[in-house]
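Heads up: the structure comes next, in C-alpha cells.
The values are calculated or read from the model by the stated rules, or taken from the named source; none is laboratory data. Nothing here was measured: the structure is a model prediction, and the numbers come from that model. Virtual Cβ from ideal backbone geometry, glycine too; neighbours counted across all protein chains shown. To get the accessible areas, we keep the full protein, side chains included, count just its heavy atoms, and leave off ligands, DNA and RNA. Shrake-Rupley method; radii C 1.70, N 1.55, O 1.52, S 1.80 Å.
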Amino acid sequence: MATPNVLNPHGLRIALVLQGGGALGAYQAGVYQALHEHDLVPDWIVGTSIGAVNAALIAGNRKEDRLARVRSFWERVSHPDRVDMERVSDSQRRSNITFSTIDTVFHGVPGFFMPRPFNGFAFGLPVAPELASFYDTTELSNTLAELVDFDYLNSPDCMRLTVNAVNVATGQLTHFDSRAMRIEPDHVRASGSLPPAFPPVRIDGQLYWDGGLYSNTPLESVLGAMPEGDVLCFMVDLWSARGPEPYTLDQVQTRQKDVTYASRSTRHIADYAKMHRLQYKLRDLYARLPPEQRTVEDERDLAALGCESTLHIVRLPYSGRDWHMAAKDINFSKGSIDWRWDQGYADGMRAVGDAAWLRHIEEDTAVVVHELPSDRDRRTALGRE
C-alpha cells in the first residue's frame, strides 16, 4: 500500500497504466515525473510496448534513480535536430521532423533498433522466426540491461510490474507479471515487438509479439486483478479514439492508427461497473437470507467474486496532433521528444492540482473516471475568469 500523504491521505494503492505508442511514449515519462515529484509512487505498473519499456525503467530502479534512468533512455533514443525547434517556423519544424523520420527508417534508432541489411525477409524469402522483421531490437535488450536493475525489479520490495505480449501461435494475450515470475529484458522487448518492423521474441519456447496487437491499453489487466481496497489508477492514453474526418492519404493513415491503437477502456470500464453492480446486488440478496440458510461455502464463493472497492481512473490523453503524420510514433526528433515530455509533465501537474479522486463519492461506486481538467476549467476554479 502507498505511503499516505496530502494527495493520498488514505494510502490508496496506486496503479499506472501505460499504452504502446513508440516515440509518443515520452509523454508518459513526463506524466510520471509529475507523479514522482508529488510522491504518488505506483505500487503497480502495467505496460504494453513502449509503455512496458517506461514501466521497466520506473519499476526497475530505486526511487532516487528512476527519473534519471528514464531520462537517460529518452535522451539516448532522441534524434539530434538540424535546427533549433523552438526558434524556427512551424513549416520548418515539420520539414526537420520529416527528415528525422526518414533517417530513422533507414538507419534505425541507436540503443533501440537497427536495420537488418541483406535480410531475405524483406524480399519474401523464408527466414528463422526470430529474424522475420525489418529491424533488429537486440540493442534494446542491451539498453534495458544497462538502465534497469533487474535484480531489484524482481525483489519482494519492488513495485509490481506487468508487461503484456501476444503469443504468436495462440493469438492470446499473455501477462508477464513480476509477482508470478522473474522479469528479464526479453519480456519487455517481447511486449514491444510489433511486426513486421520488429521480430518476435522467444520465451520458454514460445514466440511473442507486441501486446498492442491484442489490446493496446492494458487497463483490463488492472480490472481483472483488482487488489483489496480502493485503487487510484493513472491511465495514460497516447492515441485518440476521436478525430476529424481525414481528406489526405497521410490523414487517413494517421486516423487508421489512432483508431487501431486507441484505448478501449470505455467498454472495459462499463463491463467492470456492470459486474460490480451484479456482485453488490448478489451480496445484498445473500445478506437478506435467514442465518440458518447461509453456508460457509456460499460465503467463500462470494469472497472469490472480488472485493467491494472503488477504482479511481485518472485519464491523461496525449493531445499532440503531430501535423496528422502517420509516422508520428517513429518521430524521435529531440525537439519532439522534449515537447512530449514537457506536455506530459504539464498534464500530470494539472491532474495532481485537480486531485479529483479526493472528492466525495457514493460508497457503493465501482469505478470513477476523472478526466483531465482543461486550462479554462482550472482558471475558472481559481476565480480568474
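Restricting attention to the stretch 104-111, does a residue exist that is under 21 Å from the mean Cα position of the chain (by Cα), of a type in the set (Ser, Thr, Tyr) and surrounded by 15 or more Cβ atoms within 10 Å (Cβ to Cβ)? Scanning the stretch 104-111 turns up no residue that is under 21 Å from the mean Cα position of the chain (by Cα), of a type in the set (Ser, Thr, Tyr) and surrounded by 15 or more Cβ atoms within 10 Å (Cβ to Cβ).
Please work out if residue 24 is open to solvent by less than 10 Å² (accessible area, probe 1.4 Å), assigned to a loop (DSSP other than H, G, I, E, B) and not basic (Lys, Arg). Don't jump to the end; show me each part of the working.
Details: open to solvent by less than 10 Å² (accessible area, probe 1.4 Å): yes; assigned to a loop (DSSP other than H, G, I, E, B): no; not basic (Lys, Arg): yes.
Taking the combined requirement at face value, the residue does not satisfy it.
The C-beta contact set for the stretch 169-189 (first residue closer than 19 Å to residue 54 by Cβ, second residue in a strand (DSSP E or B) and polar (S, T, N, Q), distance under 6 angstrom, 6+ apart or interchain) comprises 175/162; 175/164; 177/162. You will find that of 215, 193, the residue that is surrounded by 22 or more Cβ atoms within 10 Å (Cβ to Cβ) and hydroxyl-bearing (Ser, Thr, Tyr) is 193 and no other. The helices (runs of 4 or more DSSP H) found entirely in the stretch 190-307 that carry 3 or more residues being in contact (Cβ under 8 Å) with a residue 60 or more places away in the chain are 219-223, 249-261, 265-287. Scan the stretch 1-31 for residues that are over 19 Å from residue 161 (Cα atoms), in contact with a Phe, Trp or Tyr (Cβ under 8 Å, 6 or more places away or on another chain) and not small (Gly, Ala, Ser) and jot them down. Across the stretch 1-31, the qualifying residues are 24, 27. Among residues of the stretch 339-362 being in contact (Cβ under 8 Å) with a residue 12 or more places away in the chain and of a type in the set (Asp, Glu), the one that is surrounded by the most Cβ atoms within 10 Å (Cβ to Cβ) is 347.
Listed here are the residues, each with its yes/no results for (1) closer than 29 Å to residue 348 by Cα; (2) at pLDDT 90 or above.
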| position | (1), (2) |
| --- | --- |
| 237 | yes, yes |
| 242 | yes, no |
| 257 | yes, yes |
| 263 | yes, no |
| 269 | yes, no |
| 272 | yes, no |
| 283 | no, no |
| 286 | no, no |
| 300 | no, no |
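Among the residues of the stretch 64-85, write down those that are part of a helix (DSSP H, G or I) and of a type outside the set (A, V, I, L, M). Scanning the stretch 64-85 gives 64, 65, 66, 69, 71, 72, 73, 74, 75, 76. Using the structure shown, decide if residue 161 is in contact with a helix residue (DSSP H, G or I) (Cβ under 8 Å, 6 or more places away or on another chain), at pLDDT 95 or above and either assigned to a strand (DSSP E or B) or among the basic types (Lys, Arg) (or both). Against the criterion (in contact with a helix residue (DSSP H, G or I) (Cβ under 8 Å, 6 or more places away or on another chain), at pLDDT 95 or above and either assigned to a strand (DSSP E or B) or among the basic types (Lys, Arg) (or both)), residue 161 qualifies.
Out of everything in the stretch 38-63 that is more than 17 Å from residue 140 (Cα to Cα) and part of a strand (DSSP E or B), what residue ends up being most open to solvent (accessible area, probe 1.4 Å)? Step by step, filter the stretch 38-63, then rank; the result is 44.
Criterion first (modelled with pLDDT of 95 or more, farther than 30 Å from residue 362 by Cα, open to solvent by less than 10 Å² (accessible area, probe 1.4 Å) and acidic (Asp, Glu)) does residue 210 satisfy it? The answer is yes for residue 210.
What number of residues within the stretch 86-102 are assigned to a loop (DSSP other than H, G, I, E, B) and either modelled with pLDDT under 90 or open to solvent by 70 Å² or more (accessible area, probe 1.4 Å) (or both)? Walk me through how you get there before you give the answer.
Restricting attention to the stretch 86-102, the residues satisfying the condition of being assigned to a loop (DSSP other than H, G, I, E, B) are 86-89.
From the residues that got through so far, the ones that are either modelled with pLDDT under 90 or open to solvent by 70 Å² or more (accessible area, probe 1.4 Å) (or both) too are 86-87.
Adding up the residues that qualify gives 2.
The sole residue among 315, 294 that is modelled with pLDDT of 85 or more, within 30 Å of residue 30 (Cβ to Cβ) and of a type in the set (Lys, Arg) is 315.
Of the listed requirements (1) under 20 Å from residue 63 (Cα atoms); (2) in a helix (DSSP H, G or I); (3) touching a helix residue (DSSP H, G or I) at 6+ places or on another chain (Cβ under 7 Å), residue 146 misses just one: (3). Residue check: is residue 129 out of contact with any strand residue (DSSP E or B) (no Cβ under 9 Å at 6 or more places or on another chain), surrounded by fewer than 16 Cβ atoms within 10 Å (Cβ to Cβ) and not aromatic (Phe, Trp, Tyr)? Here the answer is no, as residue 129 does not meet what is asked.
Quick check: anything in the stretch 73-84 closer than 14 Å to residue 335 by Cα, in contact with a Gly (Cβ under 9 Å, 6 or more places away or on another chain), among the β-branched types (Val, Ile, Thr) and surrounded by fewer than 21 Cβ atoms within 10 Å (Cβ to Cβ)? The answer is yes, given that some residue of the stretch 73-84 is closer than 14 Å to residue 335 by Cα, in contact with a Gly (Cβ under 9 Å, 6 or more places away or on another chain), among the β-branched types (Val, Ile, Thr) and surrounded by fewer than 21 Cβ atoms within 10 Å (Cβ to Cβ).
All conditions in (1) buried (at least 22 other Cβ atoms within 10 Å of the Cβ); (2) out of contact with any Leu (no Cβ under 6 Å at 6 or more places or on another chain) hold for residue 240, with the sole exception of (1). I need a count of the residues in the stretch 84-109 that are within 25 Å of residue 140 (Cα to Cα) and of a type in the set (D, E, K, R). The total comes to 1.
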